[in-house]
Every structure is written in structure tokens, then in C-alpha cells.
Amino acid sequence: MKSDIIIQLHKNFEDYAYQIDGEEFWFARDLQRLLGYAKWENFAKVIDKAKIASQTAGHAVVDHFPDVRKMVDIGSGAEREIDEIALTRYACYLIAQNGDPRKVEIAFAQTYFAVQTRRLELIEKRLEEQERLTARQKLTLSEKELSGLIFERIGDNIGFARIRSKGDAALFGGKTTQQMKARLGMPDGRALADFLPTITIKAKDFANEITNFSIKRDDLRHEGKITDEHVKNNLDVRKVLTSRGISPEELPPAEDIKKLERRVKTEEKLLVKQSTKRKK
């Protein structure tokens, strides 16, 4: 039965997977047998094609096809060391893509590793999304603290808005908050940070944290001094970014944070439902 073959192939690929620090890999000589290649010479040619594909795609060959040494049993309890290649999931995917499509093992492996690779991409994407959501939440907290400190020190409800705006101008190379909102094509009434990429959100938060610390440490109580401190901190953060070729005002807008929150919550609910169904 075709389904029996698929089940067996899946088990074979799973059984031969190794892990180091949570990273999966397969040994090339194991994969040779799993993919139905009798001769190493023929399989080595497929590996060479996969290496070229990896390099063309901008991935370092050494990261996905590292040469290693492996001990093998040669009988009577004796072992000898042989040359091996440790293959990442991505390397296995490229090998399968460059293998003989007439082999049932290759056809299976193409799907198996494509799914595994796609799953990893989805996990990485979710981690990036969660990082942005967490950064935005942290910025909200540092802004709330800064707003409270400013009101406590100068007793002005809109002092925070004035000081934050000058801080933004320092961070964004002279562009005001409103100019940045216009550049990003934001809807009216929304916070600038809701459309900023993660690195810029973290930059604003870091500048806030330094300002909050300095206000308390130096007991700053005048708007002018607090403004100077906040502008200086934003300029210092900007200097770090620009020294690495990052201009905050030139970065493209990110997805609306509120849409991202809704999408992540919806996806999480679906995952819970699917998990519940599988358990039943």
C-alpha cells in the first residue's frame, strides 16, 4: 500500500535525525541510504549541486553542510573514523530537490523536508512578530513612566507630548512626529510606534529608559532640563544606529500593530482548537 510506504519512509527519516542544542541534522551517509542511492559517488554529486544552490540562495555552505568526522563499527567491536557531512534540514531539502525525481524516496523527501523547512520559517516568523509585540508593550510602559515623571516634576498635562516630540525629532534626523506619520502613511489618531519596525520601537524605548533613570538620579525638575536630557539620549541612540548603517527615518513602515495583535490572537485560538481536536 502507498500509505504504508509513506509511513515507513516518514519513520525512517525521523529515526535517523540527530539533535545538538535543539538543532536537527542528518549524516550524509545515512541520507544516502534513505534516498535510495547505492553508490556514494553518485550521491556526492547531488550534494555538490545542493551546495551550489545554497550558495546561490545566499546561505553559507559551511552553516548547512559542515564537514565532520564520525566513528563507525567495522566489526568485532572495532571502530574507525571516517569523513562525514552533517546536513541541516535546509541542506537535506536542497539535496532532495536536486536528487533523482524517479526515486520514490526522493519524491517523499522533497515534500518531507519542504514541510519541515516551511514549519521552521513559520516558527521564526511568529517569534519575530512576538518580539515586536513585546517591544511595543515595553515602550508603552516606559512612556507611561516618563509621562508620570514629567507630570510629577513640572505639573503639566501636555509636557510629555512636547518632550516626546522633540525626542522623536532627534531620533529621526530632524523629522518631527507628524512628519514621520505622514511619511509612513499612517491613519490619523494613531501612535507613531504602532507602525514602526521592531528595531525603532526598541530604540525609542531605550532612550526613554535612560531619560527615566536620569530624571530620578539627577532629580530633574524643569522642562528645559528634561527636554535636553531626552533629546541627548535619542541623539545617542540614533548615533549607534547610524554607525551601523541604519537610519530610523528611512526604514519602511511595519504592519499595523493592532492588526498584528488581532491576527496573532486569531491564529492562537485556531491552534488551541486544532490541538483540542487531536487530543479527542
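Every number in this text was worked out from the coordinates using simple rules, so none of it is lab data. None of these values were measured; they are calculated from a predicted model. Cβ placement follows ideal geometry from the backbone for every residue including glycine, while neighbour counts extend to all protein chains displayed.
Values as computed for the structure displayed
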{"item": "Above-threshold pairs, the threshold being 29 Å between Cα atoms, out of 175/225; 166/265; 11/39; 204/259; 181/269", "result": "166/265; 181/269"}
{"item": "Top positive-direction residue, dipole computed over the chain with Cβ charges, set 135, 158, 37", "result": "158"}
{"item": "Taking the chain and dividing mean pair separation by its residue count, relative contact order in percent (alpha carbons under 8 Å, at least six apart)", "result": "14"}
{"item": "Nearest-ten-degree value, helix 198-218 long axis tilted from longest Cα axis of the chain", "result": "40"}
{"item": "The chain: angle of helix 257-279 to the longest principal axis, Cα-based, in degrees nearest 10", "result": "40"}
{"item": "Inter-site label distance for residue 69 and residue 11 at 7 Å from Cα along Cβ, in nm", "result": "3.6"}
{"item": "Net charge dipole size for the stretch 2-100 [Lys, Arg +1 and Asp, Glu -1 on Cβ; Debye, nearest 20]", "result": "380"}
{"item": "Crossing angle, helix 159-171 versus the chain [Cα axis fit, 0-90 degrees, rounded to tens]", "result": "50"}
{"item": "Size of charge dipole - the chain - debye, nearest 20, with Cβ of Lys, Arg +1 and Asp, Glu -1, no other charges", "result": "1060"}
{"item": "Cα Rg over Rh - the chain, Kirkwood", "result": "1.17"}
{"item": "At R0 = 45 Å, FRET efficiency that the Cβ-Cβ distance of residue 225 and residue 263 yields, to 0.05", "result": "0.60"}
{"item": "Residues listed by number, the stretch 97-115, amide nitrogen under 19 Å from residue 45 label point at 7 Å toward C-beta", "result": "97-107"}
{"item": "Pair-distance profile P(r), taking every C-alpha pair of the stretch 125-261, with 10 angstrom steps and integer %", "result": "12, 43, 35, 9, 0"}
